[in-house]
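Encoded as structure tokens, the structure appears first; notes follow it.
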Amino acid sequence: MSPASDGGALERARALVRPDALRASERTDAGYLDLLPDTGPPRSTAAQHAMNNRLVAAVYERIWRPVWTAAMGANGLSAGDERAKAAADLRLGGEQRVLDVACGPGNFTRYFGERLTGEGIAVGFDLSRPMLDQAVRSGRGPRVAYLRGDARRLPFDDWTFDAVCCHAALYLVPEPMTVVDEMIRVLAPGGRIAVMTSYGREHPLLRSALGLVAGTLGVRMYDRATLPDAFAAAGLTEVAQQIRGVTQFVSARRP
Ligand SMILES: C[S@@+](CC[C@H](N)C(=O)[O-])C[C@H]1O[C@@H](n2cnc3c(N)ncnc32)[C@H](O)[C@@H]1O
């Protein structure tokens, strides 16, 4: 899809990026804006390595994600249910600016974009080139654009987005609480945030067993309190948490 035929979405997303983050060597030829042209992705854990594998990226949405979700305790939600829940938690619609952090192959970003109107835009943000290549291949639509960057340093001004989402990534990114702080920083007053991540259970034995398996793969297990507490400490309100199997959904609103 050429820049013109994506409805100008990539240009509109580019306009949201802080000028100091727009580097001369940024690439748009791959269909997304690459803000990290010179650096390779971190590959220190099995989980991170998988996220940078072309084969995983190609089968992620149809096979990898459903299998992984089931393995995380059959949280009972289909992929479609999970997307609908995210959209509902974010109160998505209209001309909002939506940021999908660690968007992978765009499985949520595309859905969000379809729910927006007019000047609304869903920006998918990820570190992995294979994932973003796959996202572009899967089609963008007029209100979807992708950026490549590191979520630990989001290249946007404070209060840029009306909704910020991060599903299935906080358990594998390095420095996840820095990512959470960044997501909150770019959230506009009245805006909503929604995350889905792991839940390590409260029972000490189960918790250590899960922690052992997860640690080997490079996946972090969260307790019940960390994310709701971080949202509340940042001054967010309407903090809501739903636990399903070994996953948790946490959402909140910036007053
Ligand atoms: C399991 S996928 C999640 C994709 C999608 N959000 C979903 O719910 O299916 C995790 C994504 O996090 C991305 N990721 C890991 N570390 C990141 C970072 N520091 N900044 C941006 N994205 C990162 C990976 O490249 C991968 O695409």
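Could you tell me what percent of the DSSP beta bridges with both partners in the chain are antiparallel, to the nearest 5?
Numbers: 15 of 37 bridges.
Approximately 40 percent, going by the DSSP bridge assignments.
Mind putting a number on the dipole of the range 9-189 about its Cα centre? Charges go on the C-beta only, +1 for Lys and Arg and -1 for Asp and Glu, and I need it in Debye to the nearest 20.
Working: 23 positive and 23 negative charges, 90 e Å.
Charge dipole, the range 9-189, about its Cα centre: 440 debye, nearest 20.
Per q in 0.09, 0.15 Å⁻¹, report the Debye log10 I(q)/I(0) for the chain, using one uniform scatterer on each alpha carbon and no solvent.
Summing over Cα pairs of the chain leads to -0.36, -1.06.
State in Å² the accessible area per residue of the chain; use a 1.4 Å probe, count heavy atoms of protein chains only, and round to the nearest integer. Spell out each step's value before the answer.
Details: 10840 Å² over 255 residues.
Value for the chain: 43 Å² per residue.
Out of ALA86, TRP68, LEU55, whose Cα points farthest toward the positive end of the dipole of the range 51-93 (charges: +1 Lys, Arg; -1 Asp, Glu; placed on Cβ)?
The residue sitting farthest along the positive end of the dipole is LEU55.
Full extension from THR178 to ASP229: what is 0.36 nm times the residue separation minus their Cα-Cα distance, to one decimal in nm?
16.9 nm
Which of ALA15, VAL195, GLN248 sits closest to the plus end of the dipole of the chain, meaning its Cα is farthest towards the positive end, when Lys and Arg get +1 and Asp and Glu get -1 on the C-beta?
GLN248
Report, as a whole number in µm² per second, the diffusion coefficient that Stokes-Einstein gives for the range 74-187 at 4 °C and 1.567 mPa s using the Kirkwood radius over alpha carbon pairs. Mind showing how you got there, number by number?
Working: Rh = 14.0 Å.
Using the Kirkwood radius from Cα pairs, D works out to 92 µm²/s.
I'd like the accessible area for LEU147, computed on protein heavy atoms only with a 1.4 Å probe and all protein chains in place. Round to 10 Å², please.
That residue has around 0 Å² of solvent-accessible surface.
Would you work out if the range 74-131 is rounded, prolate or oblate? Take a ≥ b ≥ c from the square roots of the eigenvalues of the alpha-carbon gyration tensor; rounded if a/c is under 1.5, else prolate when a/b is larger than b/c, oblate otherwise.
Values: a/c = 2.32, a/b = 1.09, b/c = 2.14.
Oblate shape, in that a/c is at least 1.5 and b/c is the bigger or equal ratio.
Say the dipole of the chain comes from +1 at the beta carbon of Lys and Arg and -1 at that of Asp and Glu; which of GLY149, TRP159, GLY113 then lies farthest toward its positive end?
Of GLY149, TRP159, GLY113, it is GLY113.
Rounding to the nearest 10 and keeping the result within 0 to 90°, find how far the Cα-based axis of helix 204-217 lies from the longest principal axis of the chain.
Approximately 40 degrees, to the nearest ten.
Ranked by accessible surface with a 1.4 Å probe, highest first, in what order do HIS167, HIS49 come?
On the way: HIS167 15, HIS49 90 Å².
Reading off the accessible areas and sorting them downward yields HIS49, HIS167.
How much net charge surrounds GLU182 when only other residues with a Cβ under 15 Å from its Cβ are counted (Lys, Arg +1; Asp, Glu -1)? Let's see the in-between values first.
Details: positive: ARG18, ARG152, ARG153, ARG185, ARG254; negative: ASP100, ASP126, ASP150, ASP157, ASP158, GLU175, ASP181.
Net charge in that neighbourhood comes out at -2.
Where does helix 176-185 land angle-wise versus the long Cα axis of the chain, in degrees 0 to 90, nearest 10?
50 degrees
The values are calculated or read from the model by the stated rules, or taken from the named source; none is laboratory data. Values in this document were obtained by computation on a predicted structure and should not be read as measured data. Ideal geometry is used to build each Cβ from the backbone, glycine not excepted, and the neighbour counts take in all protein chains shown. To get the accessible areas, we keep the full protein, side chains included, count just its heavy atoms, and leave off ligands, DNA and RNA. Shrake-Rupley method; radii C 1.70, N 1.55, O 1.52, S 1.80 Å.
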